[in-house]
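The values are calculated or read from the model by the stated rules, or taken from the named source; none is laboratory data. Because the structure is predicted, anything quoted here is derived from the model rather than measured. Positions of Cβ are generated from backbone atoms using ideal geometry, with glycine treated the same way; all protein chains shown enter the neighbour counts. Note: accessible area is taken over every heavy atom of the protein model, side chains too, but ligands, DNA and RNA are not part of it. Shrake-Rupley method; radii C 1.70, N 1.55, O 1.52, S 1.80 Å.
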Amino acid sequence: MYIKNPMEIEDKSMDIIEEVMGDTHFTEEEGIVAKRMIHATGDFEYRKIIVFKNDFIKEAKDSIKTGGTIFTDTKMASMGINKAALSKTDCKLKCFIDDERVLPLSRELGTTRSACAVDLAVAEGIDMFVFGNAPTALFRLLELVKEGKVNPRFIVGVPVGFVGAQESKEYLREFQISSITTVGTKGGSNVAASIMNALLYMVVGR
């Protein structure tokens, strides 16, 4: 059957995902986030590799309700977050990757622009973080946490890739921080955005 209505397509997709997922260990709200991640990727393996820590959903929802600036490691993640839903909150997004200070700093320190972007975010007092692509950025944030320079309200930690991504997520899970991660190499900016959208829809509606 050829379905053209976008909301009908999404509703049908979610019905299919729920049917295939079957019974899981997720709470109701965790299941909503998991379905969004599967919807964004078409990959049912996500139901087996998502790890929620320290009451992530409650802390993230409370943070969104409180408002503030949310760091994203890529413009792609920022672009994927629903702006209509975001506009109903007191939150805004900020991605520093193209900030004019980042490139010279990365050359000076011999690290990635993504890692340096985290330093700029922390210097501005940002304490909500979304990572979908850059494990070096996630590692840098956790270094700053250990140094006592930032206390994140929540971290979406789903960098994708084969060099450092799995390890950065494993390291994040060692911290007593409200977070969501994936086990292994899977993730991505689209996955990070889908998590944020699920949270936003819980807070402000669809």
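Couple of notes before you dig in:
- Of the residues T111, T182, the single one that is over 26 Å from E29 (Cβ atoms) and of a type in the set (V, I, T) is T111.
- Tabulated pairs, segment 179-198, first under 8 Å from V160 (Cβ atoms), second polar (S, T, N, Q) and in a helix (DSSP H, G or I), C-beta under 7 angstrom, 6+ apart or interchain: T185/Q166; V191/T41
- Residue list for segment 156-172, filter: farther than 12 Å from D73 by Cβ, part of a loop (DSSP other than H, G, I, E, B) and either open to solvent by 60 Å² or more (accessible area, probe 1.4 Å) or touching a Phe, Trp or Tyr at 6+ places or on another chain (Cβ under 6 Å) (or both): F162, V163
- Residues that are more than 18 Å from P152 (Cβ to Cβ), open to solvent by less than 70 Å² (accessible area, probe 1.4 Å) and either touching a residue at least 12 places away in the same chain (Cβ under 8 Å) or not small (G, A, S) (or both), drawn from segment 105-115: L105, T111, T112
- Look at (1) part of a helix (DSSP H, G or I); (2) open to solvent by 20 Å² or more (accessible area, probe 1.4 Å) and you find that L199 fails only one, number (2).
- Of the residues in segment 91-104, at least one is surrounded by fewer than 13 Cβ atoms within 10 Å (Cβ to Cβ), closer than 23 Å to L200 by Cα and at pLDDT 90 or above.
This table checks each residue for (1) in contact (Cβ under 8 Å) with a residue 40 or more places away in the chain; (2) outside any helix (DSSP H, G or I); (3) touching a helix residue (DSSP H, G or I) at 6+ places or on another chain (Cβ under 6 Å); (4) of a type in the set (V, I, T).
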{"site": "A34", "(1), (2), (3), (4)": "no, no, yes, no"}
{"site": "A40", "(1), (2), (3), (4)": "yes, no, yes, no"}
{"site": "A60", "(1), (2), (3), (4)": "yes, no, yes, no"}
{"site": "T69", "(1), (2), (3), (4)": "yes, yes, no, yes"}
{"site": "A77", "(1), (2), (3), (4)": "yes, no, yes, no"}
{"site": "A85", "(1), (2), (3), (4)": "yes, no, yes, no"}
{"site": "L93", "(1), (2), (3), (4)": "no, yes, yes, no"}
{"site": "F96", "(1), (2), (3), (4)": "no, yes, yes, no"}
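- The set of residues from segment 151-181 being of a type in the set (S, T, N, Q) and either more than 16 Å from the chain's Cα centre (by Cα) or modelled with pLDDT under 95 (or both) comprises N151, Q176.
- Of the residues contained in segment 73-82, none is found to be within 20 Å of S179 (Cβ to Cβ), aliphatic (A, V, I, L, M) and surrounded by fewer than 19 Cβ atoms within 10 Å (Cβ to Cβ).
- Matching residues in segment 47-58 - criterion: being touching an Asp or Glu at 6+ places or on another chain (Cβ under 7 Å) and in a strand (DSSP E or B): F52
- Residues that are closer than 19 Å to K75 by Cα and open to solvent by less than 30 Å² (accessible area, probe 1.4 Å), drawn from segment 173-195: G187, G188, S189, V191, A192, A193, S194, I195
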